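Nothing in this text is a laboratory measurement; each read-out follows from the coordinates by a stated rule. Remember, predicted model here, so these are calculated numbers, not experimental data. Cβ: placed from backbone, ideal geometry, glycine included. Neighbour counts: every protein chain shown.
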Amino acid sequence: MELLSQLLPFIFLIAIMYFVIIRPQQKEAKARKEMIDSLAKGDKIITAGGLIVEIKKVEEKFLTVAIDKENIAKLVKDSVSRKFEDEI
């Protein structure tokens with residue numbers, strides 16, 4: 001019984017850390033993955049570098065994007081910050 005009373009504060013702290021830190025990070029990571037998986041040709045995105053580009057082709061690990069009418073580049077999916085339509 002004494003052991004349980006000594007461990008109770010640690011269990012309480014771990015529970016608080018889970019609900020305050022770990023769980024929100026997991027939700028955010030899941031939402032980000034769903035957003036990246038839902039990207040399609042024609043979507044406008046903002047890259048981690050701050051560029052606003054249009055998706056021309058979606059591949060398994062890369063996106064082919066158009067910076068403007070003449071410049072096409074490949075972008076790693078992890079470099080997507082967010083969809084541009086979300087900003088409007």
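Couple of notes before you dig in:
- Remark: V76 falls outside the filter, which requires a residue to be surrounded by 10 or more Cβ atoms within 10 Å (Cβ to Cβ), touching a residue at least 40 places away in the same chain (Cβ under 8 Å) and aliphatic (A, V, I, L, M).
- The numbered conditions (1) more than 14 Å from F84 (Cβ to Cβ); (2) surrounded by 10 or more Cβ atoms within 10 Å (Cβ to Cβ); (3) hydroxyl-bearing (S, T, Y) are all true for S5 except (2).
- Residues of region 79-88 that turn out to be assigned to a loop (DSSP other than H, G, I, E, B) and either surrounded by 14 or more Cβ atoms within 10 Å (Cβ to Cβ) or in contact with a Cys (Cβ under 6 Å, 6 or more places away or on another chain) (or both), as a count: 1
- Count of residues meeting criterion [in a helix (DSSP H, G or I) and closer than 13 Å to F84 by Cβ] in region 28-73: 1
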